[in-house]
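Input: a single structure, listed below in structure tokens.
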Amino acid sequence: MRLPVPLVIAVSAVLLLWPALWNGWPLIFSDTADYLWVWTQPEWFRPIRPPAYGWLIGPLHQGHTLWPVVAAQALLTAWLMWLLARRAGLGPPGFLAVAAAVALVTGAPWFASWVMADSLSAPMVLAAVLVALGGLSRLEACGVWLALVAAAAVHLTHLPALAALIAALVLLRLAWRGAPVRLAGLGAILAALVIAPALNLAANRIEYGEARLAFGSSVFLGARLVGDGLMQRWLAAHCPMPGVTLCEDRDTLVADSDQFLWNPGSPVWRDRNFFRLEAELAAINPRVIAAYWPDFVAKGLARAAQQLITARVGTDLSVRVNEDRALLARLVIPRFAEALGPAAGEALARARQTNEEIARAWPAVIAGPLSLAAVPVLALVFAASPAARRSPVAVCALAALAAAIANAVAVGLGGAVHDRYAARLMWLFPFALALLVALAFSRRAQPLPGDDPRRPPTPAR
């Protein structure tokens, strides 16, 4: 049966949107409002994160509704998934079966339906892999590369993840003469890695007068040092110290980075100004790390290992306020009503996400464990099957693994462990496994060629 490719992509996108449709409203997080404010109320935007995602979704929601945002995310994800499936040799019917399986039992639909920068983490990896593999038309190649630049720009952790992905593909090309990784593709990914942060630097330079990727990074790193107890040790050894106001709080600092960042009683919020400690922490943080760097690295790597296996889906979809209905009514819903209008506030008030713990739905419950289980299964398949190792799917799996590890290390050294940081990438592994299964059952599966010239064989000695 011949299925039109546009129809297959559209149906796959709808399948990826089932959590939003079931919820009755696109999935949101407390940070979503910040991204909306980039477009609707720029003066309210807190520049503690790159503004790129807010600029990307602004023309879609136009201060009215979030449905175009999640529709675009689902279409982009489905299109990139299709291009990889086609590059591996799978036809539309086989891909539709893969898309249905991915939509049912992985985290992909939960992220495609979520208005957060995390929704573009896996699409970034897919876009980079496609650029490296080639086999695209000129129009497709242009669109995929632009998607790569945009996705790389929306979250700070995407930059080390993309850098590790490039390194992994370079090593693959060097180690395996027949690797389907194009030199021109690697150059294009490297260009995206340079251009993506430059866009945020330029945007913040224009808007705030300083060329920075994001503001408040010293506060976040300081929170990590407080969470590990290293800041308290340093303050105990050096206080009192001129210009260090944290000396006054050294006996009350709790070893919890999130409490330091977001608790209203934290020194960070003493003057209701998140950035009040930024200059002070920018001066102190390097000294603390230099004094206790073995502990800093050891704790960071241990946290990275924990982050790699902490990949439950939906745990952040309670909006962090389901347990406090008063806060929900007083703060979160009014934020969205102000940004998108009263109808949006009413829709959010009626949504399942607002009224029940949707993460307890069985597709969300099984998605995380299945994603983790897919990793060793993929390793066994690649070890046992030379055909699987030669498939473009193997390149995708390697790229996803490199990105996931780098992402976990970045979180481990500078942040706190949260399920979404791993889950946003881990669904790529069951997707890769589903592709291999579909290819095994497809009689016509034949990978498309890339467009790099073949490298000459090594002369026999």
query = Where does each of 27-34, 138-145, 366-373, 380-387 land if you order them by average Cβ count within 10 Å, highest first?
reply = 27-34, 366-373, 138-145, 380-387
query = How large is the charge dipole for segment 57-210, taken about the Cα centre, if only the Cβ atoms of Lys, Arg (+1) and Asp, Glu (-1) carry charge, to the nearest 20 debye?
reply = 580 debye
task = Distance between Cα centroids, segment 1-18 to segment 216-246: provide it in whole Å.
result = 52 Å
Pairwise label distance in nanometres, residue 97 with residue 241, each label 7 Å out on the Cα-Cβ vector = 6.3 nm
ask   = Mind checking the angle between helix 217-227 and the chain's longest principal axis? C-alpha axes, 0 to 90 degrees, to the nearest 10.
value = 80 degrees
task = Within segment 171-249, list the GluC sites (Glu not before Pro) lying in a DSSP loop whose Cβ has at most 10 other Cβ atoms in a 10 Å radius.
result = 210
For peptides 197-203, 418-424, sequence by mean Cβ density within 10 Å, most packed first = 418-424, 197-203
Theoretical ellipticity at 222 nm over the chain - DSSP helices of four or more residues, -39500 (n - 2.57) apiece, nearest 500 = -20500 deg cm²/dmol
key: Distance-filtered residues of segment 140-178 - backbone nitrogen under 20 Å, label point 7 angstrom along residue 301 Cα→Cβ   = 160-161, 164-165, 168
request  = State the Kirkwood hydrodynamic radius of segment 217-308 in Å, one decimal place, computed from all pairs of distinct Cα atoms.
outcome  = 13.3 Å
ask   = Per-residue HN-Hα couplings for segment 274-289, Karplus 6.51 cos²θ - 1.76 cosθ + 1.60 at θ = phi - 60°, whole Hz, x for Gly and Pro?
value = 4, 9, 4, 9, 4, 5, 4, 6, 4, 7, 7, 3, x, 5, 5, 5
inquiry  = I'd like the chymotrypsin sites (Phe, Trp or Tyr not before Pro) in segment 58-100 restricted to DSSP loop residues with at most 15 other Cβ atoms within 10 Å, sorted by number.
reply    = none
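Each value in this text was obtained by applying a stated rule to the coordinates, not by laboratory testing. Just so you know, these numbers come straight off a predicted model, no measurement behind them. All Cβ positions, glycine included, derive from the backbone under ideal geometry; neighbour counts span all protein chains shown.
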